[in-house]
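Asker: Could you have a look at this structure, given as C-alpha cells, before my questions?
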Amino acid sequence: MELVLVHPEIPHNTGCAARLSAALGLPLHLVEPLGFSLEDRYLKRAGLDYWPMVDLHVHADWTSLLQYLEREDENRVQPLPPIEDRVRLFTSNGGQSLFDVPFGKEDILVFGAESKGLPEEMMQRFTERRVYVPIRQEVRSLNLANVVCLGAYTAMHRAGLPLPKNDGAHQRHPRADEGLQPTAVAKRHPGGSGEQ
C-alpha cells in the first residue's frame, strides 16, 4: 500500500502524513508542485524525529509517480494488478464511502491539495475509483492529515494487512537524534511528460 499527496499546500499536514508513514511502514509520495519547501520547519516539526523511518519520494509530476510505480511493479516476483485498478482517489466529491470500499493490499491511496482537492483530469480518469469520508452536509471537508490517517488505517484493516503490534512501548530509532531534515531522506524522481 502507498500514500500519495498531490500538490500538498500545508507543511504541517504533510509532516503528519510523514509521521503516519513512519508509524505504519507505508511509503509516502509527494507530487509537485508543493506549497512549501522540504526544509520548512513546520514540516520537520510535525514529522518529529521520525524522518529516518519515512520512505519519502518526491515526484516532479503525476506522470513521474506513475512511471516510478510501474518500474517498481516490473521488479516484483508476483505481478500486481494494473495501477488503474489500484488507485483510490480520496475526495469530497462523491464516490464510494471509505467504509464500503473493498481495499486491496497493493492499493495506492491518493489525496489532493487542501484548498483544491485533486486535479479534474485525475478525477475524470479514475471516476470509479473515488473514495469519500462520510460527513454532514453542512461541512465542506475534513483536514487532510485526518483523512490520510483515517484512510490509511481503514484501508489496511479492510485489505487484511497487519497493523503494527505495539503494547504502548516505545523504542527510539537509532538515527532519531541525528536531526535529519526531510530533504535528507527524500528520494527525488524527475518529471515525466508534465501531466498534472
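Asker: Compute, for the stretch 1-134, the length of the dipole vector about the Cα centre, with Cβ point charges of +1 (Lys, Arg) and -1 (Asp, Glu) only. Units Debye, rounded to 20.
Answerer: So the magnitude is around 380 debye.
Asker: Which value does Rg/Rh take for the stretch 1-114 over its C-alpha atoms, Rh per Kirkwood?
Answerer: Expressed as Rg/Rh, it is 0.97.
Asker: OK, next. Label Arg172 and Asp73 with points 7 Å out from Cα along Cα→Cβ: what is the distance between them in nm?
Answerer: About 4.2 nm, to one decimal.
Asker: Could I ask something else about it? Could you work out, for the stretch 44-101, what percent of all Cα-Cα pairs fall into each 10 Å distance bin, beginning at 0 Å and stopping at the bin that holds the largest distance?
Answerer: 16, 31, 39, 14
Asker: Sticking with this one: Which of the trypsin sites (Lys or Arg not before Pro) across the stretch 82-146 are loop residues per DSSP, with 16 or fewer other Cβ within 10 Å?
Answerer: Sites meeting the loop and neighbour criteria: Lys105, Lys116, Arg136, Arg140.
Asker: Tell me the mean residue ellipticity at 222 nm calculated for the chain from its helices only (DSSP H runs of n ≥ 4, each -39500 (n - 2.57), averaged over every residue, nearest 500).
Answerer: Numbers: 6 runs with 60 residues, N = 196.
The helix-only estimate for the chain comes to -9000 deg cm²/dmol at 222 nm.
Asker: What is the stretch 94-149 by shape, rounded, prolate or oblate, if you read a ≥ b ≥ c off the alpha carbon gyration tensor as root eigenvalues and call it rounded for a/c under 1.5, prolate for a/b larger than b/c, and oblate otherwise?
Answerer: rounded
Asker: A further question on this structure: Kindly put Leu5, Leu24 in sequence by how many other C-beta atoms sit within 10 Å of each C-beta, fewest to most.
Answerer: Leu24, Leu5
Asker: Which residues does a label at Val139 reach in the stretch 63-107, if reach means a backbone N under 18 Å from a point 7 Å past the Cα toward the Cβ?
Answerer: Answer for this model: 90-100.
Asker: Given points 7 Å out from each Cα along the Cα-Cβ axis, report the Leu150 to Asp85 separation in nanometres with one decimal.
Answerer: Between Leu150 and Asp85, the simple spin-label model gives 3.0 nm.
Asker: With only alpha-carbon atoms counted, please give the Rg and Dmax of the chain, in Å.
Answerer: So, for the chain, Rg and Dmax equal 16.2, 48 Å respectively.
Asker: Please state the shape class of the stretch 93-196: rounded when a/c is under 1.5, otherwise prolate if a/b exceeds b/c and oblate if not, all from the C-alpha gyration tensor. Don't skip to the end; give the middle numbers.
Answerer: Working: a/c = 1.84, a/b = 1.28, b/c = 1.44.
Because a/c hits 1.5 or more and a/b fails to exceed b/c, the stretch 93-196 counts as oblate.
Every number here is computed from the coordinates shown, using simple stated rules; none is lab data. For clarity, every value in this text was computed on a predicted model and none was experimentally measured. Please note: Cβ atoms are built from the backbone with ideal geometry, for glycine as well, and neighbour counts cover all protein chains shown.
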